[in-house]
1. When only residues in segment 207-254 that are farther than 18 Å from E190 by Cα and in contact (Cβ under 8 Å) with a residue 40 or more places away in the chain count, which is least open to solvent (accessible area, probe 1.4 Å)?
2. Would you mind finding the one in T54, T41 that is of a type in the set (S, T, N, Q), under 21 Å from E130 (Cβ atoms) and surrounded by 19 or more Cβ atoms within 10 Å (Cβ to Cβ)?
3. If N6 meets every condition in (1) at pLDDT 90 or above; (2) in a helix (DSSP H, G or I) apart from one, which number is that one?
4. For E229, which of the numbered conditions (1) of a type in the set (D, E); (2) more than 23 Å from G204 (Cα to Cα); (3) part of a helix (DSSP H, G or I) fails to hold?
5. Test D45 against the stated conditions and say whether it is in contact (Cβ under 8 Å) with a residue 12 or more places away in the chain, outside any loop (DSSP other than H, G, I, E, B) and among the charged types (D, E, K, R).
6. May I ask you to verify whether D129 is without any contact (Cβ under 8 Å) to a residue 12 or more places away in the chain and closer than 30 Å to V27 by Cα?
7. Collect the residues in segment 119-140 that are assigned to a helix (DSSP H, G or I) and open to solvent by less than 60 Å² (accessible area, probe 1.4 Å), keeping them in residue-number order.
8. Name every residue in segment 106-137 that is under 18 Å from C69 (Cβ atoms), modelled with pLDDT under 80 and more than 23 Å from the chain's Cα centre (by Cα), in order of residue number.
Amino acid sequence: MAFAENLIAVRRAHNLTQQQLAAKLFVTRQAVSRWERGEVTPGIDMMKLIAAVTGEPLSHLLEMPEHYCESCGMYLTPDDCGTDASGKKTDHYCKWCYEQGGYTYETTMEAMIEDCAPRLAENTGMTLDEAVSLMGAVLPQLERWRAVRENEERYGEEARGLYGNETIDAANERLLDMDPAVWNDMKELERAILGQLSIAMAEGDPCGPEAKKLVKMHRHWVGLHWGSEPEDEAYLGLVKEYLADPRFVSYYDDPCGTGATAFLVEAVEGEICRARAGSLLK
């Protein structure tokens with residue numbers, strides 16, 4: 001009954017009647033009614049369509065356990081848990097994917113699906129196609145794969161056009177292989193940068209000490225994504241491109257106030273110009 005209850009909750013949360021949801025799914029109201037009574041469970045492809053039309057992750061519709069591996073999606077029991085850097089068990093990853101605070105092997109999401117789908121099909125009675133379809137919908141929501149998916153959806157086309165497939169693929173590989181502790185530190189730095197941007201804007205001087213601290217933090221953060229801190233020209237070119245993309249403007253301006261993106265660009269430009277002038281005087 002878990003799927004039935006979840007479907008009812010999702011439908012009501014989106015203020016949809018059974019008839020309205022049925023129309024979006026191109027099925028009858030009676031079909032939706034049978035799903036919600038638990039008489040029939042729709043196939044994986046229909047579940048994916050329900051997730052798509054409601055905007056809910058498929059994992060919210062499925063009967064996901066409290067603990068599952070954030071790499072392969074496997075249900076976790078205490079005996080299956082991996083360990084963090086201190087050797088303590090973690091309920092985020094299985095021992096086959098994660099040990100001693102790091103992933104046990106390098107892989108891609110596609111290879112993970114190819115490897116795990118046959119076992120999922122065997123253990124659940126699904127067809128192989130259903131298992132592949134299910135994993136293809138669930139894995140992009142997991143911690144190990146989520147950052148790459150979000151980056152590709154938001155910026156992939158433009159970034160590949162600017163920097164080439166090889167550079168972006170390498171950046172994605174770094175994210176996939178990144179130790180979760182380092183990943184958490186990077187996300188903390190990301191939040192700290194937005195806070196520092198607000199502080200620097202309050203100081204009001206894009207050449208002031210708070211702005212200099214902002215640029216140092218931001219450049220280091222970019223370097224964590226790129227594998228090394230970018231050279232002056234590449235870094236300045238990157239931040240200038242922020243102003244031409246409303247998604248980047250929204251990313252900085254929404255939490256920090258109108259003009260935040262422009263302030264960051266001015267601070268970076270000023271810092272690089274001062275560094276160049278200093279090197280010429282030596």
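The values are calculated or read from the model by the stated rules, or taken from the named source; none is laboratory data. Remember, predicted model here, so these are calculated numbers, not experimental data. Every residue, glycine as well, gets a Cβ built from its backbone with ideal geometry; the counts of neighbours run over all protein chains shown. Calculation scope for accessible area: heavy atoms of the full protein, side chains included, ligands and nucleic acids excluded. Shrake-Rupley method; radii C 1.70, N 1.55, O 1.52, S 1.80 Å.
1. Start the filter on segment 207-254 by keeping residues that are farther than 18 Å from E190 by Cα, which leaves 207-209, 231-234, 236-237, 240-241, 243-246.
So of that shortlist, the ones also in contact (Cβ under 8 Å) with a residue 40 or more places away in the chain come out as 207, 232, 241, 245.
Values: C207: 65, D232: 47, E241: 67, D245: 23 Å².
Step by step, filter segment 207-254, then rank; the result is D245.
2. Numbers: T41 fails: surrounded by 19 or more Cβ atoms within 10 Å (Cβ to Cβ).
One residue alone meets the criteria, T54.
3. Of (1) at pLDDT 90 or above; (2) in a helix (DSSP H, G or I), only one is false for N6: (1).
4. The one condition E229 does not meet is (3).
5. Details: in contact (Cβ under 8 Å) with a residue 12 or more places away in the chain: yes; outside any loop (DSSP other than H, G, I, E, B): yes; among the charged types (D, E, K, R): yes.
Criteria met by D45.
6. Working: without any contact (Cβ under 8 Å) to a residue 12 or more places away in the chain: yes; closer than 30 Å to V27 by Cα: yes.
Criteria met by D129.
7. In the first step, residues of segment 119-140 are kept if they are assigned to a helix (DSSP H, G or I); the result is 119-124, 128-140.
Residues satisfying the conditions are L120, A121, A131, S133, L134, M135, G136, A137, V138, L139, P140.
8. Passing the criteria: only T124.
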